[in-house]
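Participant: Below you will find the structure I want to go over with you.
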Amino acid sequence: QDVRDLRVCDARRAMFRNAEKLQRALAKMPAAAMASVNPANGRFRAPEFSGRVVAELRKACVAAGVPWTHDRARGVEKTIARAPKGHKHDREKPLREAKIAAAMAKQPEIVAAFRARQKTKAKGLEKVWDDFVLTKRERTLKIRLQDMAGGGK
């Protein structure tokens, strides 16, 4: 295992030890390190040199005294700067407050309708009779019919 690791390490160091090989690789350089998409069929094409090979090439150029001009500019912003999204309950608070205000404006009408319905409900012996004879659905229908008729018995 250790011998194999040493051989792999030596092979990486010797990757661009030959000056001709180094010059051939440098001639291909900016395009060979970038992935591309084939315009004819839209297929992805992997770069000829992987990131590791580019790093080895750069290291070999620096060691040989050849100028290396293919570094990318550092610190380039890749994303669009925009305001943070925040919490959903904070974002939707104005909508919620508007909905509550609209419901509160309707509240007096709802309370008045409820009180009117309570007055028209069967009381005393009539309530006992309705509870005994009618099903829950029939009682609900009776109340609705009384509401539609104007609240009278």
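Participant: If each DSSP helix of 4+ residues adds -39,500 (n - 2.57) and the sum is divided by the residues in the chain, what number results at 222 nm, nearest 500 deg cm²/dmol? Could the numbers behind the result be given before it?
Facilitator: Numbers: 7 runs with 95 residues, N = 153.
Rounded to the nearest 500, the figure is -20000 deg cm²/dmol.
Participant: Ignoring ligands, DNA and RNA, what percent of the 1.4 Å accessible area of the chain is carbon and sulfur? Show your work: numbers first, answer last.
Facilitator: On the way: 7860 of 13440 Å².
Here carbon and sulfur together make up 58 percent of the probe-accessible area.
Participant: Here's something else I'd like to know. Over the chain, give the accessible area per residue in Å² for a 1.4 Å probe, as an integer.
Facilitator: Details: 13440 Å² over 153 residues.
Heavy-atom SASA per residue in the chain reads 88 Å².
Participant: Right, something else. So what is the relative contact order of the chain, in percent, for Cα pairs below 8 Å that sit 6 or more residues apart?
Facilitator: Working: 61 pairs, mean separation 20.3, N = 153.
Relative contact order, the chain: 13 percent.
Participant: Can you work out ³J(HN,Hα) from phi for every residue in the range 37-45, in order, using Karplus 6.51 cos²θ - 1.76 cosθ + 1.60 and θ = phi - 60°, giving whole Hz and x for Gly and Pro?
Facilitator: Each residue's phi maps through the Karplus curve to give 10, 5, x, 5, 10, x, 7, 6, 10 Hz.
Participant: Return one number: the angle in degrees, 0 to 90 and rounded to the nearest 10, between the long axis of the Cα atoms of helix 136-148 and the longest principal axis of the Cα atoms of the chain.
Facilitator: Compared with the principal axis, the helix lies near 80 degrees.
Participant: Here is a further query. How tilted is helix 93-120 with respect to the longest principal axis of the chain? Cα atoms for both, answer in degrees (0 to 90, nearest 10).
Facilitator: It works out to around 20 degrees.
Participant: I need the phi-derived Karplus couplings for the range 64-72: 6.51 cos²θ - 1.76 cosθ + 1.60, θ = phi - 60°, integer Hz, Gly and Pro marked x.
Facilitator: 8, x, 7, x, 9, 10, 9, 6, 7
Participant: Could you sort 138-144, 98-104 so that the peptide with the highest average Cβ count within 10 Å comes first and the rest follow in order? Write down the numbers at each step before the final one.
Facilitator: Working: 138-144: 13.0, 98-104: 9.7.
With the highest mean Cβ count within 10 Å placed first, the list reads 138-144, 98-104.
Participant: Explain nothing, just the number: dipole magnitude of the range 109-153 about its Cα centre with +1 on each Lys and Arg Cβ and -1 on each Asp and Glu Cβ, in debye rounded to the nearest 20. Please report the intermediate quantities before stating the final value.
Facilitator: On the way: 12 positive and 6 negative charges, 12 e Å.
Dipole about the Cα centre, nearest 20: 60 debye.
The values are calculated or read from the model by the stated rules, or taken from the named source; none is laboratory data. A quick note: this is a predicted structure, and the numbers were derived from the prediction, not measured. Glycine also receives a Cβ, built like all others from the backbone with ideal geometry; neighbour counts cover every protein chain displayed. Just so you know, the surface numbers come from the protein's heavy atoms only, side chains and all, with ligands and any DNA or RNA stripped out. Shrake-Rupley method; radii C 1.70, N 1.55, O 1.52, S 1.80 Å.
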